[in-house]
1. Search segment 74-87 for residues being in a strand (DSSP E or B) and of a type outside the set (Ser, Thr, Tyr), and hand back the single one that is modelled with the lowest pLDDT.
2. Criterion first (under 25 Å from residue 59 (Cβ atoms), part of a helix (DSSP H, G or I) and either touching a residue at least 24 places away in the same chain (Cβ under 8 Å) or among the charged types (D, E, K, R) (or both)) does residue 157 satisfy it?
3. So, in segment 117-129, how many residues would count as being outside any strand (DSSP E or B) and over 13 Å from residue 160 (Cα atoms)?
4. Just one of the numbered conditions (1) within 20 Å of residue 32 (Cα to Cα); (2) basic (Lys, Arg); (3) surrounded by fewer than 20 Cβ atoms within 10 Å (Cβ to Cβ) is not true of residue 154; which one?
5. Return a yes/no flag: does segment 203-213 have any residue that is modelled with pLDDT of 90 or more, among the polar types (S, T, N, Q) and not in a helix (DSSP H, G or I).
6. Kindly check whether there is at least one residue in segment 135-145 that is more than 13 Å from the chain's Cα centre (by Cα), closer than 17 Å to residue 56 by Cβ and at pLDDT 95 or above.
7. Criterion first (among the charged types (D, E, K, R), touching a helix residue (DSSP H, G or I) at 6+ places or on another chain (Cβ under 9 Å) and more than 25 Å from residue 100 (Cα to Cα)) does residue 172 satisfy it?
8. Quick one: in segment 174-190, of everything that is more than 19 Å from residue 59 (Cα to Cα) and hydrophobic (A, V, I, L, M, F, W, C), which residue is modelled with the highest pLDDT?
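The values are calculated or read from the model by the stated rules, or taken from the named source; none is laboratory data. Just so it is clear, the structure is predicted and the values come from calculations on it, not from any experiment. Quick reminder, even Gly has a Cβ in these numbers, built from the backbone with ideal geometry, and neighbours come from all protein chains shown.
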Amino acid sequence: MSRLRAGLAGASFVVLCLLAIRLFVLPGIGRFLVVSDPLPMRADAIVVLAGAPDERLADAAHLFGRGLAPLVVLTRERRPTGAIALDRSGVRLPETHDLSWDALRALGVPDDRIVTLRRRASSTSSEALVIARHACRHGLRRLIVVTSPSHTRRSRLILRRALPADADLSLRPASAAYFPASRWWRRRHVAKHVLFEYQKLLNFWLRERWAIEPCRMR
């Protein structure tokens, strides 16, 4: 009887541990990636990080329409080799920032209120450096940055590293983006994305952050 009771107690403990992981640990892993900062009364620019335009632009246009900032800033991704070859042959396909520009115009943002940064980025870190240099060069101290929900925490860490310490940064997750933070493990492609995002976070904490130096405001 004592062995049976010990076995039942051990099994109950395992079940309780698994239940705790299911109810608290796994959802917490997904929610940790998402941050949503309070919006400032007024910002100098709304920055849309490069990525799927349908996920982020509606939020940027909405914030612009509320009068929170006078500019919407777009970044440009590095062009793939095939696209460069087409350029050289005289054929230029529209890129993500071109589609983003058209979408912002359709959403009511005037042409002269949209700024596309010239320097291209190949990663979140290089994109943060491009944004920081532009902000410092033009005296943009208060930024609202819109990106996908699972990308917000890492983006905030990198941008805070690249911007001056007194810069006011507000990260906003795109409301149209699909990211089931509380049940991410149920879909294979979402689970792969979450694990990849944690790998990138680890890389930032161990290596990338030491190579990023904040810019200086002019």
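1. Narrowing segment 74-87 to residues in a strand (DSSP E or B): 74-77.
After this cut, where a residue has to be of a type outside the set (Ser, Thr, Tyr) as well, the list is 74, 76-77.
On the way: 74: 96, 76: 89, 77: 85.
Checking each candidate, the answer is 77.
2. Working: under 25 Å from residue 59 (Cβ atoms): yes; part of a helix (DSSP H, G or I): yes; either touching a residue at least 24 places away in the same chain (Cβ under 8 Å) or among the charged types (D, E, K, R) (or both): yes.
For residue 157, the condition - under 25 Å from residue 59 (Cβ atoms), part of a helix (DSSP H, G or I) and either touching a residue at least 24 places away in the same chain (Cβ under 8 Å) or among the charged types (D, E, K, R) (or both) - is met.
3. Pass one, segment 117-129, residues outside any strand (DSSP E or B): 122-129.
Then drop every residue that is not over 13 Å from residue 160 (Cα atoms), which leaves 122-123, 126.
The qualifying residues number 3.
4. Here residue 154 meets the rest and fails (3).
5. no
6. Filtering segment 135-145 down to residues more than 13 Å from the chain's Cα centre (by Cα) leaves 135-143.
Filter once more, keeping what is closer than 17 Å to residue 56 by Cβ: 143.
When the remaining residues are screened for being at pLDDT 95 or above, the result is 143.
Yes, some residue in segment 135-145 is more than 13 Å from the chain's Cα centre (by Cα), closer than 17 Å to residue 56 by Cβ and at pLDDT 95 or above.
7. Values: among the charged types (D, E, K, R): yes; touching a helix residue (DSSP H, G or I) at 6+ places or on another chain (Cβ under 9 Å): yes; more than 25 Å from residue 100 (Cα to Cα): no.
The answer is no for residue 172.
8. We begin by selecting, within segment 174-190, every residue more than 19 Å from residue 59 (Cα to Cα); these are 181-190.
If we keep only those that are hydrophobic (A, V, I, L, M, F, W, C) too, we end up with 181, 184-185, 190.
Details: 181: 90, 184: 90, 185: 88, 190: 93.
Top of the filtered list is 190.
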